[in-house]
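K.L.:
Below are the structure tokens for one structure; questions will follow.
The values are calculated or read from the model by the stated rules, or taken from the named source; none is laboratory data. In this text the structure is predicted, and so the values were computed from the model without any measurement. Cβ atoms come from the backbone with ideal geometry, glycine included; neighbour counts cover every protein chain shown. Heads up: the accessible areas ignore ligands, DNA and RNA and are worked out on the full protein's heavy atoms, side chains in. Shrake-Rupley method; radii C 1.70, N 1.55, O 1.52, S 1.80 Å.
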Amino acid sequence: MTSEGAQTFTKYGWLVCLWVLTVSFQYGYHTSALNQLQAVLTCKIADPTAPMYYGLPTCIPMSDATFSVVTSMYTMGGFFGSLSANIVMDRYGRKGASRLSAVLTAVGSAVFGLSSSVGPLILGRFLVGLAAGLGICLCPIYLSEIAPVKIRGNLGVLTQLAIVIGIMVTQGMGFGLATPRQWRFVLLISSGISIFQYFSSPFVVESPSYLNRKGLVDQEKLTIHRLWGEIHDVSRTDPEEQDSEEPLLPDSDSATERHSAVRQPAMTIPQLFASTELRRPLLTIIAAMTSQQISGINAVLYYSNDILSKSLPELASYVSLGITIVNFLMTFPPIFLIERVGRKQLIQLSVAAALLSHLAVGYGLNSGLVTLSSIAITTFVMSFAFGLGPIPFVIIPEVAPPHAVSAISSVGLSLNWLSNFVVGLIFLPLRNFLANGDPMKEGRVFYLFAVALLCSTLWFSKLYRG
């Protein structure tokens, strides 16, 4: 029986899958954590009767500019984490990289949660970002390499689902823990989760594909048996070898050639840039990852509170959580549709709906139609969730050969972090510049996002043959 015959995981395999997804959960968790804590953390909401709690200040005074610096450390750490992910994954394996991500998250969250001044806040936030950058690179690859081929595409969507669950959990926790005495628990809980992940790692297997490339065939057989419940043909355990389409890889009819390709040494980023045969897979992932951020998703989520609270003032505190719940629910359809509709078609449908939503948001803001803008923001989040959000993570291990997947993932995710930072940095100044001081012209910036998203998607569609 070949690996293609495996239909699903064993119970143990599903537990390993959940263990791997913890790193993506933490990515989403810390993406949203400070949004809920800003007011109490910066002393805008303070408890004058209890300035200290268990020997720590109940808040840390800082200006908006200082808080922005603290927040941005997450993105900076994420960029460097993603940039170095290929080295860590190829040297220590997928499991080793996950363990390192757990250590960095545990330490960073603890440092932040026990801080009494701005300096440790910055350090803790940077360490958590470093872990997130590493984790978001390795999670799609690790999942793809442990998954039976029959459910590999479906399973890839779980990366985005775990991220959204992490965001939703912190937003929900904010309602109960965003107080001067309890805000630190949000960070310490994250640290506790990562500590548990680290100490449970001895019970988790390494990726069969990684073991194969290291020549550890006996360990690979045992791993596959534990994950899938059968002894499979170990010469076909790599994602790219089992994918019948292999859209971006050179054709090869020889099983021997495919197997020998698995044993090629891991490619570095400089070697990746110098390789002409891998240029198309690299550009495909770059186009997919930059499209995610060029869509303006983070800017839209930031701006949504201001727009929706105008139409629903009595429910303003629940607006952000409601949008995240919509995002969560809409992440489920691609789990079932990805193999039926196809990656390219699903992302094109997602982009089409996102473009219409951008135009509606812009028109609604420029026309004073707050209800239209509110509905359009919700539909934008929905459209992002079923295509633009999950698909770029799914296709990373599908378009890259095994020896280059870590390097391509590092480059793509590093540019994703960089695009995220640039969009967040320029959004408000760009909105104000295009509006020229007129509140009735603030929607123009969304027209610009629509054009940028259309261009990046056309580029992606030209490159991707899936």
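K.L.:
Considering each residue of the stretch 408-460, count those that are open to solvent by less than 30 Å² (accessible area, probe 1.4 Å) and touching a Lys or Arg at 6+ places or on another chain (Cβ under 7 Å), and give that number.
P.N.:
2
Residue-wise test of (1) among the aliphatic types (A, V, I, L, M); (2) farther than 21 Å from residue 78 by Cα; (3) free of Cβ contacts under 8 Å to residues at least 24 places away in the same chain; (4) touching a Phe, Trp or Tyr at 6+ places or on another chain (Cβ under 7 Å).
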residue: 325; (1), (2), (3), (4): yes, yes, no, no
residue: 341; (1), (2), (3), (4): yes, yes, yes, no
residue: 347; (1), (2), (3), (4): yes, yes, no, no
residue: 423; (1), (2), (3), (4): yes, no, no, no
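K.L.:
Look through 372, 428, 356 and report the one residue that is closer than 28 Å to residue 465 by Cβ, free of Cβ contacts under 8 Å to residues at least 40 places away in the same chain and of a type outside the set (Val, Ile, Thr). Before the answer, list the steps.
P.N.:
Details: 372 fails: closer than 28 Å to residue 465 by Cβ; 428 fails: closer than 28 Å to residue 465 by Cβ.
Unique residue meeting the criteria: 356.
K.L.:
Among the residues of the stretch 75-125, which ones are open to solvent by less than 10 Å² (accessible area, probe 1.4 Å) and of a type in the set (A, V, I, L, M)?
P.N.:
Result: 85, 89, 97, 102, 121.
K.L.:
So for the stretch 390-400 (the condition being surrounded by 24 or more Cβ atoms within 10 Å (Cβ to Cβ) and outside any helix (DSSP H, G or I)), does at least one residue qualify?
P.N.:
Yes, the stretch 390-400 contains at least one residue that is surrounded by 24 or more Cβ atoms within 10 Å (Cβ to Cβ) and outside any helix (DSSP H, G or I).
K.L.:
Determine whether the stretch 442-455 contains at least one residue that is under 23 Å from residue 23 (Cβ atoms), in contact (Cβ under 8 Å) with a residue 12 or more places away in the chain and among the small types (Gly, Ala, Ser).
P.N.:
Of all residues in the stretch 442-455, those under 23 Å from residue 23 (Cβ atoms) come to none.
No, the conditions are met nowhere in the stretch 442-455.
K.L.:
For the stretch 48-74, give me each residue that is within 25 Å of residue 130 (Cβ to Cβ) and among the β-branched types (Val, Ile, Thr).
P.N.:
60, 66, 69, 70, 71
K.L.:
Of the conditions (1) modelled with pLDDT of 65 or more; (2) open to solvent by 10 Å² or more (accessible area, probe 1.4 Å); (3) more than 30 Å from residue 404 (Cβ to Cβ), residue 294 clears all except one; give me its number.
P.N.:
Of (1) modelled with pLDDT of 65 or more; (2) open to solvent by 10 Å² or more (accessible area, probe 1.4 Å); (3) more than 30 Å from residue 404 (Cβ to Cβ), only one is false for residue 294: (3).
K.L.:
Keeping to the stretch 372-381, report how many residues are under 28 Å from residue 152 (Cα atoms) and at pLDDT below 90.
P.N.:
The number of residues fulfilling the criteria is 1.
K.L.:
Among (1) surrounded by fewer than 17 Cβ atoms within 10 Å (Cβ to Cβ); (2) in contact with a helix residue (DSSP H, G or I) (Cβ under 6 Å, 6 or more places away or on another chain); (3) at pLDDT 85 or above, where does residue 231 come up short?
P.N.:
All conditions are met except number (3).
K.L.:
Then there's this: Out of 15, 37, 21, I need the residue that is open to solvent by 60 Å² or more (accessible area, probe 1.4 Å) and assigned to a helix (DSSP H, G or I). Which one?
P.N.:
On the way: 37 fails: open to solvent by 60 Å² or more (accessible area, probe 1.4 Å); 21 fails: open to solvent by 60 Å² or more (accessible area, probe 1.4 Å).
Answer to the selection: 15.
K.L.:
Would you call residue 252 farther than 17 Å from residue 214 by Cα, open to solvent by 100 Å² or more (accessible area, probe 1.4 Å), of a type outside the set (A, V, I, L, M) and modelled with pLDDT under 85? Explain how you work it out, then say what you get.
P.N.:
On the way: farther than 17 Å from residue 214 by Cα: yes; open to solvent by 100 Å² or more (accessible area, probe 1.4 Å): no; of a type outside the set (A, V, I, L, M): yes; modelled with pLDDT under 85: yes.
So residue 252 fails the test.
K.L.:
Just one of 41, 37 is in contact with a Cys (Cβ under 7 Å, 6 or more places away or on another chain), under 17 Å from residue 114 (Cα atoms) and of a type outside the set (Lys, Arg); which is it? I'd like the intermediate steps shown before the answer.
P.N.:
Details: 37 fails: in contact with a Cys (Cβ under 7 Å, 6 or more places away or on another chain).
Step by step, each of 41, 37 is checked, and only 41 is in contact with a Cys (Cβ under 7 Å, 6 or more places away or on another chain), under 17 Å from residue 114 (Cα atoms) and of a type outside the set (Lys, Arg).
K.L.:
Tell me which residues, restricted to the stretch 35-52, are aliphatic (A, V, I, L, M) and without any contact (Cβ under 8 Å) to a residue 60 or more places away in the chain. Write out each step before concluding.
P.N.:
Step one: list which residues in the stretch 35-52 are aliphatic (A, V, I, L, M), which gives 37, 39-41, 45-46, 50, 52.
Of everything in the stretch 35-52, just one residue is aliphatic (A, V, I, L, M) and without any contact (Cβ under 8 Å) to a residue 60 or more places away in the chain, namely 52.
K.L.:
While we're here: Which one of the conditions (1) open to solvent by less than 30 Å² (accessible area, probe 1.4 Å); (2) among the polar types (S, T, N, Q); (3) modelled with pLDDT of 70 or more does residue 345 fail to meet, given that it meets all the rest?
P.N.:
Result: residue 345 fails condition (1) only.
Residue-by-condition table, conditions (1) basic (Lys, Arg); (2) over 17 Å from the mean Cα position of the chain (by Cα):
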site	(1), (2)
11	yes, yes
26	no, no
31	no, no
43	no, yes
48	no, yes
72	no, no
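K.L.:
Considering only the stretch 412-466, state which residues are among the charged types (D, E, K, R) and assigned to a helix (DSSP H, G or I).
P.N.:
431, 441, 444, 462
K.L.:
Among the candidates 410, 419, single out the residue that is over 26 Å from residue 154 (Cα atoms) and in contact with a Ser or Thr (Cβ under 6 Å, 6 or more places away or on another chain). Spell out how you get there, then give the answer.
P.N.:
Details: 410 fails: over 26 Å from residue 154 (Cα atoms).
Step by step, each of 410, 419 is checked, and only 419 is over 26 Å from residue 154 (Cα atoms) and in contact with a Ser or Thr (Cβ under 6 Å, 6 or more places away or on another chain).
K.L.:
Out of 153, 129, 133, report the one residue that is over 17 Å from residue 413 (Cα atoms) and not acidic (Asp, Glu). Before the answer, list the steps.
P.N.:
On the way: 129 fails: over 17 Å from residue 413 (Cα atoms); 133 fails: over 17 Å from residue 413 (Cα atoms).
Result of the check over 153, 129, 133: 153.
K.L.:
Condition first: open to solvent by 30 Å² or more (accessible area, probe 1.4 Å), part of a helix (DSSP H, G or I) and closer than 14 Å to residue 390 by Cβ. Now tell me which residues in the stretch 323-342 satisfy that.
P.N.:
So in the stretch 323-342, the residues open to solvent by 30 Å² or more (accessible area, probe 1.4 Å) come out as 325-326, 328-330, 332-333, 336-337, 339-341.
Narrowing the set further to residues that are part of a helix (DSSP H, G or I) leaves 325-326, 328-330, 333, 336-337, 339-341.
Within the stretch 323-342, 328, 329, 330, 333, 336, 337, 339, 341 qualify.
K.L.:
Next up: Taking the stretch 161-188 only, how many residues are aliphatic (A, V, I, L, M) and in contact with a Ser or Thr (Cβ under 8 Å, 6 or more places away or on another chain)?
P.N.:
In the first step, residues of the stretch 161-188 are kept if they are aliphatic (A, V, I, L, M); the result is 161-165, 167-169, 173, 177-178, 186-188.
From what's left, in contact with a Ser or Thr (Cβ under 8 Å, 6 or more places away or on another chain): 161-164, 167-168, 186-188.
Going through the stretch 161-188 one residue at a time, the tally reaches 9.
K.L.:
Can you tell me which residue within the stretch 382-416, out of those that are under 21 Å from residue 168 (Cα atoms) and over 15 Å from the mean Cα position of the chain (by Cα), is modelled with the lowest pLDDT?
P.N.:
Among residues in the stretch 382-416 that are under 21 Å from residue 168 (Cα atoms) and over 15 Å from the mean Cα position of the chain (by Cα), the one modelled with the lowest pLDDT is 382.
K.L.:
Also, quick follow-up: Helices (runs of 4 or more DSSP H) wholly in the stretch 126-210 with at least 1 residues that are open to solvent by less than 10 Å² (accessible area, probe 1.4 Å), modelled with pLDDT of 90 or more and closer than 30 Å to residue 333 by Cα - which ones?
P.N.:
Details: elements: 152-156, 158-177, 184-199.
Those helices (runs of 4 or more DSSP H) span 158-177, 184-199.
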